[in-house]
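A quick write-up on the structure given underneath.
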Amino acid sequence: MAEHRVRGFLATRLRNYFFTGLIICAPIAITAWLVISFIDWADGWVKPYLPTFYNPDNYLPFAVPGFGLVVAIIVITLIGFLTANIVGRSIVGFGESLLNRTPLVRSIYKGLKQIFQTVLQDQSTSFKKAGLIEYPMPGSWTLVFIATDVKGEIKAKFDERGLDMVTVFLPPTPVPTAGFLLFVPREKIVMLDMSAEDAAKLLISGGLVTPEHKRPAPAAVTQEPAAAGA
């Protein structure tokens, strides 16, 4: 009986050690895999277009990981710098005019450009706030990211009905890259104080990683000055 208890105790300790190590190693391994995959993807796109002389893989006995990514960052930064002057804007405007005259291509280009302009603008608040909505049925709540206020024709149609609508993105768990675009009345959204990063952690972990809720400090109560002569 004592030997059986010792074996059970050792098995429990080993299992706890394994799960502790898994909690430490798994996030590191997944993060490293994602970073390496992204670097390899960038290198695979950029390196084939580099001249032979400037590609270190052609005269070094080993491949230089991340070189293509560095080149891409430099080239994108230079394009942004050149576009800031009149000549650069003229060239970009001429290129956009050609794209806008090309069937099918213009629709894809305009849509992608509008998405990047909306998301990357400094004053934009798109996908920086999270909230809760009742979905897929009343009494069942799900996490969403606030995209923007409804605009354009859709806004006009809702205005005719007297509705103030907000565009939200409903991502699935645990892969938030796909999801549903929903138009929800503003008063039906329960806004959260947590950041979009914390909401993403909660979503990806399937509810296991819950950010700490910091309650706002109660307002200080100011005392009325004593009445004169009291």
Point to revise | lysines with Cα under 29 Å of residue 110, excluding same-chain neighbours fewer than 8 positions away | key: 47, 128, 129, 151, 155, 157
**Study point:** Local electrostatic count at residue 188 - Lys and Arg +1, Asp and Glu -1, tallied over other residues with Cβ under 14 Å
**Key:** -2
Check your understanding: Radius of gyration and Dmax for the range 65-104's Cα atoms, expressed in Å?
Key -> 13.5, 39
Practice item. Could you run the Debye sum over the Cα atoms of the range 129-204, one equal point scatterer each and no solvent, and tell me log10 of I(q)/I(0) at q = 0.15 Å⁻¹, two decimals? Key: -0.52
Review point. Tell me, what HN-Hα J-couplings in whole Hz come from the Karplus equation 6.51 cos²θ - 1.76 cosθ + 1.60 at θ = phi - 60° for each residue of the range 58-73, using x for Gly and Pro?
Key: 7, 10, 10, x, 9, 7, 9, x, x, 5, x, 5, 4, 4, 4, 5
Point to revise | aspartates and glutamates with Cα under 18 Å of residue 113, excluding same-chain neighbours fewer than 8 positions away | key: 96, 122
Revision key, fill the gap. In whole Hz, the Karplus estimates of ³J(HN,Hα) for the range 186-193 (6.51, -1.76, 1.60; θ = phi - 60°; x where Gly or Pro) are 4, 6, 8, 9, 9, 6, 9, 7
Review point. Taking amide H positions as placed 1.01 Å from N in the peptide plane, with prolines and chain starts having none, which residues 5 or more places from residue 64, or on another chain, fall under 5 Å of its amide H?
Key: 57
Check your understanding: From the phi of every residue in the range 151-158, what ³J(HN,Hα) in whole Hz does the Karplus formula 6.51 cos²θ - 1.76 cosθ + 1.60 yield, where θ is phi - 60° and glycine or proline is x?
Key -> 10, x, 4, 4, 4, 4, 5, 6
Check your understanding: What nm value, rounded to one decimal, do you get for the distance between residue 53 and residue 148 when each label is placed 7 Å out toward the C-beta?
Key -> 4.5
Point to revise | Pairwise label distance in nanometres, residue 76 with residue 169, each label 7 Å out on the Cα-Cβ vector | key: 1.6
Practice item. Would you mind checking the radius of gyration and Dmax of the chain based on alpha-carbon positions, in Å? Key: 27.2, 94
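Bear in mind that the values in this text are calculations on the coordinates, not laboratory data. Note that the coordinates shown come from a computational prediction; the quantities given were computed from them, not determined experimentally. A quick note on method: Cβ atoms are made from the backbone with ideal geometry, for glycine too, and the neighbour counts reach across all protein chains shown.
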